[in-house]
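S.K.: Following this message is one structure expressed as C-alpha cells.
The values are calculated or read from the model by the stated rules, or taken from the named source; none is laboratory data. Since this is a predicted model, take the numbers as computed values, not measurements. Neighbour counts are summed over all protein chains in view; Cβ atoms, including those assigned to glycine, are modelled from backbone coordinates with ideal geometry. Remember, those area values only see protein heavy atoms, side chains included, never the ligands or the DNA or RNA. Shrake-Rupley method; radii C 1.70, N 1.55, O 1.52, S 1.80 Å.
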Amino acid sequence: MNSNSRIYLAGHRGLVGSAIRRSLQRQGFEKIALRTHAELDLTNRSLVNAFFEAERPEYVFLAAAKVGGILANNTYPADFIRENLEIQNNIIDACYRYGVERMVFLGSTCFYPKLAPQPIKEEYLLTSELEPTNRPYALAKIAGLEMCWAYNRQYGTKYLATAPTNLYGPGDNYNLHDSHVLPALIRKVATAKATGQKDVTVWGTGTPKRELLYSDDMADACVFLMNLDEEKFTSLLNPERAPLINIGTGEDLSIREIAELVCQVLGFDGELVFDRTKPDGTPRKLTDSSRIQALGWRPKVSLAEGIKLAYQAAEAEILADLVPTTTP
C-alpha cells in the first residue's frame, strides 16, 4: 500500500477496526473508505456490491463482526453464526468480483480446538472439538477462513486470515452482559473502588489462562502484514495449507493473575471472590506467534501499561454509569 491506495476498512468503530484505523492514519494512509452500519448494512449483499462498485477499494481489512463474551455467545448463538456468515460471505465475494488486490480477514483464536496443544500453531485448526460456549461464532469464523482459502485456490486471489489472541484496548465493550474477561474485570474493579466495595466477584475458578494483546499492537500487525513485499505475502498463501497467521504475545497469565494485575494498576486493595458456579471457558489459549515474529513484527505494549491505557480511555464511560440520574 501507499498513501494514495484505496483502502476499505469494514467495522471501523469496533475495538479491532478502530485500532486499525488509528494505525493506518498514523502511517499516513489517507484514502480510507469507512461506513457505519446505518450507512451500509454488510448483511445485505446488493448494498455491499453497490458499495464496492462505487468505491473500488484496492485493499480491504475485514474487521466487521458480531462479537461478545461467554454470556452473549450462550444467549444469542443464532445471531452470532447468521450475522457473521452473512458479513463474511458478502465482503469476501465482493473483494473477488471487484478486483481487490489484497484482503486481510480478522479471525480469532477461538476457532482453535478447546483442548489444542499449547502453544497453538496454525496447523492445529480443526484437529479436535471446539469450545461449546462459542461454537457458533467459531464456526462462522472458520467458514470465513475456509472461504479465503477457497477463493485463493480457485480464483488466484490474495486473501490472508489472521488469528489475533484475546484483545483489549480503547473502544472495548464494558457491558457486563456481553464483554470479554479483561474489560469485565476492569469495570468491576473500577466500580468497586469508586463505590467503596470490599470485594470483586470473578467468574469461574480463576485457573484458566489467557494471552492478552493490546489492540493497537494487533492493528500494527495487520497493517504490517498487508504491507509485506510480494514474495513474503505470497509465501503466507501456500495453497497446501490455510492462509492463516497468528498474532499474539506468546505469553499468558491465569484469570486470577490478570484480576490481581487489574487491581494493582487501578489501585484497588479489596478481595477477589471466585464464583465457581460460573463457566471457565477454554482452559488455555496461548498462540504460537513465531511465524509473524519471523517476519519482523513484535508487540510493544506490556499488559500493565495496556490495562492503564485501556482504563484511561474508558474511565469516564465506566464512572458515568455510577452517577444516579435525577429528573428536574
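S.K.: At 0.36 nm per residue, minus the direct Cα-Cα distance, what do Asp280 and His37 gain on full extension? Give it in nm, one decimal, please. Write out the running numbers ahead of the final one.
M.R.: Values: separation 243, 0.36 × 243 = 87.48 nm, distance 3.27 nm.
Here the answer is 84.2 nm.
S.K.: If you stretched the chain out fully between Glu123 and Gln25, how much longer would it get, using 0.36 nm times the residue separation minus the C-alpha to C-alpha distance? Walk me through the intermediate numbers first.
M.R.: Values: separation 98, 0.36 × 98 = 35.28 nm, distance 3.34 nm.
Result: 31.9 nm gained on full extension.
S.K.: In whole percent, how big is the carbon plus sulfur part of the accessible area of the chain, probe 1.4 Å, protein atoms only?
M.R.: Details: 7320 of 14930 Å².
Roughly 49 percent, rounded to a whole number.
S.K.: Write out the trypsin sites (Lys or Arg not before Pro) in segment 111-214 meeting two conditions: DSSP loop, and at most 10 other Cβ atoms within 10 Å of their Cβ. Don't jump to the answer; show the numbers that get you there.
M.R.: Numbers: sites: Lys114, Lys121, Lys141, Arg153, Lys158, Arg187, Lys188, Lys193, Lys198, Lys209, Arg210; in loops: Lys114, Lys121, Lys158, Lys198.
Answer in residue order: Lys198.
S.K.: Hey, another quick one. Arranged from highest to lowest average of other beta-carbon atoms within 10 Å per residue, in what order do the peptides 308-315, 231-238, 65-72 appear? Don't jump to the answer; show the numbers that get you there.
M.R.: Working: 308-315: 16.5, 231-238: 13.1, 65-72: 21.2.
Sorting 308-315, 231-238, 65-72 by mean packing, highest first, produces 65-72, 308-315, 231-238.
S.K.: Between Val273 and Ser235, what's the calculated FRET efficiency when r is the beta-carbon distance and R0 is 51 Å? Round to 0.05.
M.R.: Numbers: r = 49 Å, r/R0 = 0.97.
Calculated transfer efficiency: 0.55.
S.K.: Residues of segment 242-286 with the amide nitrogen closer than 15 Å to a label point 7 Å from the Cα of Lys198, along Cα-to-Cβ, please.
M.R.: From segment 242-286, the list is 269-273.
S.K.: By DSSP, what percent of the beta bridges with both residues in the chain are antiparallel, rounded to the nearest 5? Please list the in-between numbers first.
M.R.: Values: 2 of 31 bridges.
Rounded to the nearest five, the antiparallel share is 5 percent.
S.K.: Name the residues of segment 203-231 whose amide N is less than 19 Å from a point 7 angstrom out from the Cα of Asn4 along the C-beta direction?
M.R.: none
S.K.: Counting other Cβ atoms within 10 Å, which GluC sites (Glu not before Pro) in segment 73-131 have at most 14 and lie in a DSSP loop?
M.R.: Details: sites: Glu83, Glu86, Glu101, Glu122, Glu123, Glu129; in loops: Glu101, Glu129.
Taking segment 73-131 and a limit of 14 other Cβ atoms within 10 Å, the loop GluC sites (Glu not before Pro) found are Glu129.
S.K.: Assuming a ≥ b ≥ c are the square roots of the Cα gyration tensor eigenvalues, decide whether segment 76-123 counts as rounded (a/c under 1.5), prolate (otherwise, with a/b larger than b/c) or oblate. If you can, show how the numbers build up before the last one.
M.R.: Working: a/c = 4.47, a/b = 1.46, b/c = 3.05.
Oblate shape, in that a/c is at least 1.5 and b/c is the bigger or equal ratio.
S.K.: Could you calculate the FRET efficiency of Ala294 with Glu257 from 1/(1 + (r/R0)^6), where r is the beta carbon distance between them and R0 is 41 Å, rounded to 0.05?
M.R.: Values: r = 28 Å, r/R0 = 0.69.
Calculated value: 0.90.
S.K.: Could you give the accessible area per residue of the chain, probe 1.4 Å, as a whole number in Å²?
M.R.: Working: 14930 Å² over 328 residues.
On a per-residue basis, the chain sits at 46 Å².
S.K.: DSSP H helices in the chain with Cα extent of 20 Å or more along the helix axis and mean Kyte-Doolittle hydropathy at least 0.0?
M.R.: Values: long enough: 77-97 (30 Å, -0.44); 135-155 (29 Å, -0.31); 181-195 (21 Å, 0.83); 303-320 (25 Å, 0.64).
Flagged H segments are 181-195, 303-320.
S.K.: Then there is this: Hey, with R₀ at 30 Å, roughly what FRET efficiency would Thr207 and Ala316 work out to, going by the Cβ-Cβ distance, to 0.05? Intermediate results must be reported in sequence, preceding the final value.
M.R.: Details: r = 34 Å, r/R0 = 1.12.
That gives a FRET efficiency of 0.35.
S.K.: Hey, what number do you get for the chain at 222 nm if only DSSP H runs of n ≥ 4 count, each worth -39500 (n - 2.57), divided across all residues, to the nearest 500? The partial results should precede the final answer.
M.R.: Values: 11 runs with 139 residues, N = 328.
Counting only the DSSP helices, I get -13500 deg cm²/dmol.
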